[in-house]
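The values are calculated or read from the model by the stated rules, or taken from the named source; none is laboratory data. This is a predicted model, so every value here is computed, not measured. Heads up, the Cβs are rebuilt from the backbone with ideal geometry, glycines too, and the neighbour counts pull from every protein chain shown. Just so you know, the surface numbers come from the protein's heavy atoms only, side chains and all, with ligands and any DNA or RNA stripped out. Shrake-Rupley method; radii C 1.70, N 1.55, O 1.52, S 1.80 Å.
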Amino acid sequence: MATTTSETTKTSSSNGEDKQSQNLRHQEVGHKSLLQSDDLYQYILETSVYPREPESMKELREVTAKHPWNIMTTSADEGQFLNMLIKLVNAKNTMEIGVYTGYSLLATALALPEDGKILAMDVNRENYELGLPIIEKAGVAHKIDFREGPALPVLDELVADEKNHGTYDFIFVDADKDNYINYHKRLIDLVKVGGVIGYDNTLWNGSVVAPPDAPMRKDFVLELNKALAADPRIEICMLPVGDGITICRRIS
C-alpha cells in the first residue's frame with residue numbers, strides 16, 4: 001500500500017516529536033547512564049529511585065537540571081547508591097572533592113548521623129550556593145565544612161599532620177579527573193583501614209573502550225583505573241552506575 005505525502009510527513013513529525021520528548025525527558029532528569037536502553041534506565045528511576053528520593057534531593061535535582069552545566073551533577077540513582085553506601089559503612093567523618101550544586105553532598109549529609117561531618121571542597125562557591133538554601137532547609141548544613149579552592153593544598157595540609165591519618169570513613173571524588181591519581185596518593189593516608197573512597201566517572205561515557213583517537217577518550221581515566229587495579233592497599237569494585245564509579249576499600 002502506497003504511503004501518501006501527508007502520511008509520511010505525519011510519521012516524520014511524530015518520530016521527531018518522540019525524539020524531542022526523549023531529549024526533554026533526559027534533560028529533565030539530568031541523566032547520565034551507561035545503560036543502552038533509555039527505557040530501562042527510566043524504569044530504574046521510576047521504580048526504585050524517585051519513589052524513595054527525599055523531597056530535598058528532588059528539589060535540588062530539579063534546580064540543578066536548569067543550570068547550564070547540569071551534566072556535571074551526580075545522577076539520581078548514584079545519589080541513592082551513595083546514600084545507602086554511607087549508611088552501610090556507618091560513616092561519620094567524610095570528605096567530598098568536587099561539589100557542584102551539592103546533590104551528592106546532600107545525599108551524604110542526609111545519610112550521616114546528626115554529629116556527622118563532611119569536609120567539602122570545590123573551586124566554585126557560586127555553584128554550591130545555588131543548592132545551599134535547599135541543604136539548609138533540609139536541616140543538614142551544619143554537617144558541612146565547605147572550602148572554596150583547589151583540593152590538593154588542603155589535602156597536603158591534612159596529610160602533613162599524622163593525627164589526620166586514617167580518620168576518614170568515606171571519601172567521594174568527583175572533580176578534575178586529571179588529578180585523580182594525585183588525590184589518591186594523599187587520600188589513601190587519610191581514609192581509615194576498612195574505610196571507602198569512591199571515584200566517579202571512571203568509565204567516562206564508555207570511552208575507556210574506545211579507539212585511542214576517539215574524541216571522548218581520556219588517557220588519565222585509563223591511567224587511574226590501571227593504578228587502582230594494581231594498588232595492593234585497596235580492594236576495588238567498578239560499577240556501571242551513573243558514569244561509572246569505582247569503590248575502593250582500604251585494607252592496609
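Select, from 78, 59, the only residue that is open to solvent by 10 Å² or more (accessible area, probe 1.4 Å), more than 13 Å from residue 196 (Cβ to Cβ), in a helix (DSSP H, G or I) and touching a residue at least 40 places away in the same chain (Cβ under 8 Å). Only one candidate qualifies: 59. Contact map, the stretch 224-249: first residue within 30 Å of residue 38 (Cβ to Cβ), second residue open to solvent by 80 Å² or more (accessible area, probe 1.4 Å) and modelled with pLDDT under 95, Cβ cut-off under 7 Å, separation 6 or more or different chains; pairs are 243/205. Looking at 200, 178, just one residue is acidic (Asp, Glu), under 19 Å from residue 245 (Cα atoms) and touching a residue at least 60 places away in the same chain (Cβ under 8 Å), and that residue is 200. Of the residues making up the stretch 203-216, those that are within 19 Å of the chain's Cα centre (by Cα) and either surrounded by 13 or more Cβ atoms within 10 Å (Cβ to Cβ) or over 21 Å from residue 72 (Cα atoms) (or both) are 203, 204, 205, 206, 207, 208. Within the stretch 79-118, the residues that satisfy the criterion of being of a type in the set (A, V, I, L, M), over 16 Å from the mean Cα position of the chain (by Cα) and within 19 Å of residue 52 (Cβ to Cβ) are 88, 112. Here the stretch 131-174 is the region considered, the condition is being crowded, with 22+ Cβ neighbours inside 10 Å and among the small types (Gly, Ala, Ser), and the residue that is nearest to residue 246 (Cα to Cα) is 151. Only a single item in (1) at pLDDT 95 or above; (2) open to solvent by 30 Å² or more (accessible area, probe 1.4 Å); (3) among the charged types (D, E, K, R) is not met by residue 231, and it is number (2). Here residue 189 clears all of (1) of a type in the set (Asp, Glu); (2) in contact (Cβ under 8 Å) with a residue 12 or more places away in the chain; (3) more than 14 Å from residue 234 (Cβ to Cβ) except the condition numbered (3). The combined condition, being among the charged types (D, E, K, R), modelled with pLDDT of 95 or more and within 22 Å of the chain's Cα centre (by Cα), is fulfilled by residue 200. Scanning the stretch 22-43 for residues that are open to solvent by less than 60 Å² (accessible area, probe 1.4 Å) and modelled with pLDDT of 50 or more gives 32, 33, 34, 37, 38, 41, 42.
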